[in-house]
1. Can you find a residue that is in contact with a Lys or Arg (Cβ under 7 Å, 6 or more places away or on another chain), hydroxyl-bearing (Ser, Thr, Tyr) and at pLDDT below 95 anywhere in the stretch 56-69?
2. Given the conditions (1) part of a helix (DSSP H, G or I); (2) over 24 Å from His232 (Cβ atoms), which single one is not true for Phe55?
3. What single numbered condition from (1) among the hydroxyl-bearing types (Ser, Thr, Tyr); (2) exposed (fewer than 15 other Cβ atoms within 10 Å of the Cβ); (3) modelled with pLDDT of 95 or more fails to hold for Thr116?
4. Would the stretch 107-122 turn up any residue that is among the aliphatic types (A, V, I, L, M) and assigned to a helix (DSSP H, G or I)?
5. Considering only the stretch 190-217, state which residues are hydrophobic (A, V, I, L, M, F, W, C) and farther than 21 Å from His232 by Cα.
6. I want to confirm something. Restricting to the stretch 208-228 and keeping residues that are within 28 Å of the chain's Cα centre (by Cα) and among the acidic types (Asp, Glu), which single residue is nearest to Ala254 (Cα to Cα)?
7. List the pairs whose first member sits in the stretch 211-225 and is under 17 Å from Asp191 (Cβ atoms), whose second member is part of a strand (DSSP E or B) and of a type in the set (Phe, Trp, Tyr), and whose Cβ atoms are under 9 Å apart, counting only residues at least 6 apart or on separate chains?
8. Report those strands (runs of 3 or more DSSP E) wholly inside the stretch 151-250 carrying at least 3 residues which are over 21 Å from Arg43 (Cα atoms).
Amino acid sequence: MTPHGGRAGHSPRAGAPREGVRRVRTASPARRRTPRPRRPPPRRPQVVALGGGGFTDDPGCDALDRYVLEVTGRDAPRVCFLPTAGGDQSGYVVRFYRAFTALGARPSHLPLFNRTAEDLRAPLLEQDAIYVGGGNTAALLAVWRVHGVDALLREAWSRGVVLAGLCAGAQCWFEAGVTASWGPRLAPLRDGLGVLPGSVCPHYGTRREAYHRFVAQGLPGGIGVDDGAALHYVGGTLSRVVTSRAGATAHRVARDDGRVTETRLPATPLVPGAGGGALLRLPGPSHRGAAAH
């Protein structure tokens with residue numbers, strides 16, 4: 001026996017647990033599980049429809065354009081400009097790049113009148129937002145349909161790419177609208193993309209009378225939206241009206257028992273003095289187009 005009570009010539013086995021000590025097994029490196037990266041949550045279909053304003057009509061106030069970028073939920077979002085309604089005017093494209101670069105976005109544009117891209121699907125579906133400029137709505141829809149862009153925009157919307165735009169770029173998403181596409185006299189538009197139900201009337205302050213008349217004559221009811229206001233849809237439902245100008249808002253217009261009714265919608269201001277309720281604060285820095293719509 002050894003002085004410590006053990007048998008002579010016998011030493012405890014290397015690595016054997018001492019009495020009262022519990023051995024904890026560790027998995028070999030090969031058997032350890034690598035945590036799977038979390039998938040980002042699916043993006044919801046969204047549309048932001050401006051009645052007027054943004055960099056096109058209101059270059060001194062970027063609140064509505066910042067709002068479009070904010071709802072993407074992305075840092076430095078990729079945003080593609082479709083200047084189709086304005087005939088792909090180069091000056092309009094330059095103003096877009098200047099405005100959205102200053103907002104911290106990654107801008108691009110897709111011309112169709114002088115088309116250079118063979119594949120249109122990839123450059124559209126890889127975006128975080130697609131922003132459609134103002135101009136001639138009827139021409140816009142015709143050109144899109146010839147190039148198959150209408151179907152690609154529906155797919156982009158279903159995948160969570162934010163669709164946005166003003167004037168022609170607002171009413172194109174709806175079933176119907178009010179347009180000056182065929183000359184200075186306003187006329188009903190009945191062949192929109194139908195991503196959103198019903199009709200919309202941009203520049204509602206100056207087109208209100210015509211819109212009411214067309215709804216009385218059978219145009220689907222919808223929403224009239226002022227310059228300096230925007231409609232934010234999530235899925236097919238209106239989520240919020242936001243404004244960048246004092247007095248700007250939106251009205252729901254419907255036909256009820258042969259009579260046209262108008263209901264003012266609550267609006268959330270994006271900048272001080274824009275009216276409405278509590279100011280909606282958006283992060284990001286602070287710092288003209290075609291005529292038809």
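1. yes
2. (2)
3. Of (1) among the hydroxyl-bearing types (Ser, Thr, Tyr); (2) exposed (fewer than 15 other Cβ atoms within 10 Å of the Cβ); (3) modelled with pLDDT of 95 or more, only one is false for Thr116: (3).
4. Yes, the conditions are met somewhere in the stretch 107-122.
5. Residues of the stretch 190-217 that are hydrophobic (A, V, I, L, M, F, W, C), as a first pass: 193, 195-196, 200-201, 210, 214-216.
Of everything in the stretch 190-217, those that are hydrophobic (A, V, I, L, M, F, W, C) and farther than 21 Å from His232 by Cα turn out to be Ala210, Phe214, Val215, Ala216.
6. Of everything passing the filter in the stretch 208-228, Asp226 is nearest to Ala254 (Cα to Cα).
7. Pro220/Phe174; Gly222/Phe174
8. Filter on the stretch 151-250 gives 174-179, 187-189, 196-201, 222-225.
The values are calculated or read from the model by the stated rules, or taken from the named source; none is laboratory data. Please read these numbers as outputs of a predicted model, since none were measured by experiment. Positions of Cβ are generated from backbone atoms using ideal geometry, with glycine treated the same way; all protein chains shown enter the neighbour counts.
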